[in-house]
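For reference, the structure discussed in these notes is given below.
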Amino acid sequence: MTQMPPDDKGIPIPCLAMKDGGAHSISVTATSARNSTAFSENALNPYRTKVVSIYATVPMFIITGDENVTADTSDHYFPSGVYYDIKVPTGHTHIAAIRESSDGTLYVSEKE
């Protein structure tokens, strides 16, 4: 049995809920920045953050990792104006970003 919400025909819609307290906003500049509050990380916890949704106001480069993760321009390119879900590997508690050419914001929503 699934707890996912059904569509009009009763078929479950594959989606995840936004985690309470799981919203992050990162000011992205020419220096790498990361979320100041860690994602839920207990690997045995069924509510560990496994997916985050991201949205960038400017093109940037991103990477996930531990509390020391640092982004640089050889990391994953992420364009502006796209809402996208990414998997958070076990042990990764932060996301870091660095701008491509102008300052902006990376919005991150933890999912469960």
For this session: Just give me the residues in region 75-95 being outside any loop (DSSP other than H, G, I, E, B) and exposed (fewer than 14 other Cβ atoms within 10 Å of the Cβ), in sequence order.
Result: HIS76, TYR77, TYR83, TYR84, ASP85, LYS87
For this session: Could you grab me the full set of residues in region 46-69 that are in contact with an Asp or Glu (Cβ under 9 Å, 6 or more places away or on another chain) and surrounded by 16 or more Cβ atoms within 10 Å (Cβ to Cβ)?
Result: ARG48, THR49, LYS50, VAL52, SER53, ILE54, VAL58, PRO59, MET60, PHE61, ILE62, ILE63
For this session: Consider only pairs whose beta carbons are under 6 Å apart and that are at least six residues apart or on different chains; among these, list those whose first residue lies in region 6-27 and is closer than 20 Å to LYS87 by Cβ and modelled with pLDDT of 90 or more and whose second residue is among the polar types (S, T, N, Q) and surrounded by 10 or more Cβ atoms within 10 Å (Cβ to Cβ).
Result: ALA23/SER109; HIS24/ASN35; ILE26/ASN35
Problem set entry | Positions within region 40-65 being assigned to a loop (DSSP other than H, G, I, E, B) and modelled with pLDDT under 95, in sequence order | SER40, GLU41, ASN42, ALA43, LEU44, ASN45, PRO46, TYR47, ARG48, THR49, LYS50
For this session: Take ASP72 and decide whether it is in contact with a Leu (Cβ under 9 Å, 6 or more places away or on another chain), surrounded by fewer than 15 Cβ atoms within 10 Å (Cβ to Cβ) and at negative phi.
Result: no
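The values are calculated or read from the model by the stated rules, or taken from the named source; none is laboratory data. On a predicted model such as this, the values are computed, not experimentally measured, just so you know. Cβ: placed from backbone, ideal geometry, glycine included. Neighbour counts: every protein chain shown.
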